[in-house]
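Take a look at the structure set out below.
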Amino acid sequence: METSILKISELYRDKGDLHYDGEGVSQLAHAWQCGQLSKKEGASSKLQLASWLHDIGHLLSKKEGTPTTYGYDDRHELMGGNYLTQIFSGEVAQPVLMHVLAKRYLVTTDPEYRQSLSPDAIRSLALQGGDMSKEECELFISHSFAVDAIALRRWDDLGKNPQWNMPSKDEVINELTHLAEECL
Ligand SMILES: [Fe+2]
Ligand SMILES: [Fe+2]
């Protein structure tokens with residue numbers, strides 16, 4: 001499992017500088033900001049790690065940049081969540097698997113939420129299935145990790161601030177590595 005954490009930190013070291021098209025931050029900055037937001041709100045270590053790693057699927061994907069800009073949904077939540085399932089418990093992997101569903105749930109149930117979405121989040125929404133039906137909403141919210149997925153989603157939407165500078169890449173990767181080790 002230590003090797004898996006090494007692989008994750010190397011992935012962010014190598015590909016974390018990739019820019020998130022449509023957003024003003026890199027993948028690593030987005031991960032770090034989401035991690036900080038979750039920590040500030042007193043999330044458990046595992047939910048903090050899920051917040052850091054929720055978009056790891058984008059880094060695992062062979063596609064460059066942000067796929068939604070050319071009309072393609074890479075299903076990054078499944079790629080990332082399934083990857084994390086092999087290493088960590090459901091408390092880490094499930095909110096990651098569910099963070100796109102959480103967006104669809106919030107868009108459907110919270111009128112103010114849609115207004116607050118970033119250009120990329122709006123562009124990807126239709127590709128990801130758009131609004132949920134009443135049945136889909138009920139099914140989603142009955143899941144034991146729905147509350148965590150919604151919390152993660154709200155940090156996800158806030159963690160795209162180009163004015164919020166992170167410490168050095170080494171410090172950020174170290175913080176991520178220590179947190180991941182704590183969550184094994
Ligand atoms: Fe995502
Ligand atoms: Fe994200």
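The values are calculated or read from the model by the stated rules, or taken from the named source; none is laboratory data. The model shown is predicted, which means the values in this text are computed figures rather than measured ones. Positions of Cβ are generated from backbone atoms using ideal geometry, with glycine treated the same way; all protein chains shown enter the neighbour counts.
Would it be correct to say that Gln36 is closer than 17 Å to Lys160 by Cβ, modelled with pLDDT of 95 or more and away from ligand 2 (no atom under 12 Å from the Cβ)?
yes
Would you pick out the residues in the range 11-42 that are under 16 Å from Ala151 (Cα atoms) and not in a helix (DSSP H, G or I)?
Correct list: Glu41, Gly42.
Does the range 84-104 hold any residues that are in contact (Cβ under 8 Å) with a residue 24 or more places away in the chain and of a type in the set (Ser, Thr, Tyr), and which are they?
Hit for the range 84-104 is Ser89, nothing else.
Table: residues versus (1) closer than 22 Å to Lys7 by Cβ; (2) more than 14 Å from ligand 2 (Cβ to nearest atom); (3) buried (at least 22 other Cβ atoms within 10 Å of the Cβ); (4) at pLDDT below 95.
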site	(1), (2), (3), (4)
Ser51	yes, no, yes, no
Thr69	no, yes, no, yes
Asn82	yes, yes, no, no
Glu91	yes, yes, no, no
Val96	yes, no, yes, no
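Can you name every residue in the range 3-25 that is within 14 Å of the chain's Cα centre (by Cα) and either modelled with pLDDT of 95 or more or among the aliphatic types (A, V, I, L, M) (or both)?
Tyr12, Val25
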